[in-house]
Amino acid sequence: MSRVTAGDGRAPEIIYTRADPRLGEFALRTLDVAADAPLLHRWVTHPRSAFWLMQDADVDRVAQEYRRIAAHPHHDAYLGLWRGEPAFLAERYDPAHVELVGRYDARPGDVGMHFLCAPPEVRVPGFTRAVITTVLSWLFADPGTDRVVVEPDVRNRAVQALNAAVGFEVVGPVAKPEKTALLSICTRPQFLAATTEGASA
């Protein structure tokens, strides 16, 4: 997995952009943990983000968590932008080393993914689907990515429906220390078949 160091004092770097045909430009940039922690804290502690499991975290704990991710050899986090403004969070990880170690039959080319949309001030129809499409387009833009693996809480029906809409197929429940997850996998052909524009950036 390629690494982009975040939070080291450098100006954040745009690593990926995608033009959505309806909603305009989406982008991913590196995190500046010190500067971004207050914003991330508002997002992860919002009631809509209950499945992120950080409802009681303070700013320092959020900063600590994302410094830990920035230093991890198999885990990355990025800030997502919509029309130039912070709008979502995306994480990429190697499921053979993080989150799902020993819990499924990992293959070379598997990449794990988490994403979180900022609590909306105004509801934008199709926004969340545009975000997950952007994140998957980014992951599949890497020719080394064959499958994207996710493990949402079994109770999170909204994200399960969204996953299905972009090509994920359910493998089954997986017991994790913090939750029972619904392991789901999306191959590149499944993603391309489920989206009208494929993985173009």
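Computed from the coordinates by the stated procedures, all read-outs in this text should not be read as laboratory data. Every value quoted in this text rests on a predicted model; they were computed, and no experiment measured them. When we count neighbours, we look across all protein chains shown, and the Cβ atoms used for this are built from the backbone with ideal geometry, even at glycine.
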Gap separating the Cα centres of segment 176-194 and segment 146-162, nearest whole Å
6
If every alpha-carbon in the chain counts as one equal scatterer, what log10 I(q)/I(0) does Debye give at q = 0.08, 0.10, 0.17, 0.19 1/Å?
-0.24, -0.38, -1.27, -1.67
If the chain between residue 22 and residue 105 were fully extended at 0.36 nm per residue, the gain over the current Cα-Cα distance would be 26.1 nm
Given Cβ point charges of +1 (Lys, Arg) and -1 (Asp, Glu) and nothing else, what value in debye, to the nearest 20, does the dipole of the chain about its Cα centre take?
360
Per residue and in cubic angstrom, what volume does the convex hull of the Cα atoms of segment 109-201 have?
105
Return the distance in nm (one decimal) between the two label points of a simple spin-label model at residue 39 and residue 59, each offset 7 Å from Cα along Cα→Cβ.
1.4
What percent do you get for the relative contact order of segment 14-193 when only Cα pairs under 8 Å and 6+ apart count?
16
